[in-house]
Amino acid sequence: MQFKELEWKDIMSDNVVVCSHCEINLCGWIKIEFKINHEPEEDQYYLYAFGKGSIRRLQPEKYGSVESAKNAAYRIYSNEMERIKKAIDFLVADDCY
């Protein structure tokens, strides 16, 4: 299932994305936040994910490009949205009986 695209705010320096940030707030009770930071010494991008449950990452994940990190963030977001959708579908179906 496709969900809406994430809206990223990129901070550039010397034509390189040094930081990128995305926040999702669903109806005020589910908040998901992603941050991507560039580590110039390793030339790696670190993805940080904040939220509840399976969204939160205690350690950042490393990626070779900002696009790879954004794709990983979208997968995390999509998995969580799918989980929420299944829970809502279950609750709605349960109310119909």
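The values are calculated or read from the model by the stated rules, or taken from the named source; none is laboratory data. Only a predicted model underlies this, so the values are computations on that prediction, with no experimental measurement involved. Positions of Cβ are backbone-derived with ideal geometry, glycine not excepted, and every protein chain shown enters the neighbour counts.
Overview of results
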| quantity | calculated |
| --- | --- |
| Matching option when the condition is in contact with a Pro (Cβ under 6 Å, 6 or more places away or on another chain) and surrounded by 13 or more Cβ atoms within 10 Å (Cβ to Cβ), among Tyr74, Tyr48 | Tyr48 |
| Candidate set from region 39-67 (those that are hydroxyl-bearing (Ser, Thr, Tyr) and outside any strand (DSSP E or B)); member that is modelled with the highest pLDDT | Ser65 |
| Residue check, Lys70 modelled with pLDDT under 85 and under 14 Å from the mean Cα position of the chain (by Cα) | no |
| Extreme residue, surrounded by the most Cβ atoms within 10 Å (Cβ to Cβ), among residues of region 3-33 that are of a type outside the set (Asp, Glu) and touching a Ser or Thr at 6+ places or on another chain (Cβ under 8 Å) | Trp8 |
| Any hit, region 18-38, residues being in a helix (DSSP H, G or I) and at pLDDT 90 or above | no |
| Residue among Glu82, Glu41 that is surrounded by fewer than 13 Cβ atoms within 10 Å (Cβ to Cβ) and under 25 Å from Ser13 (Cβ atoms) | Glu41 |
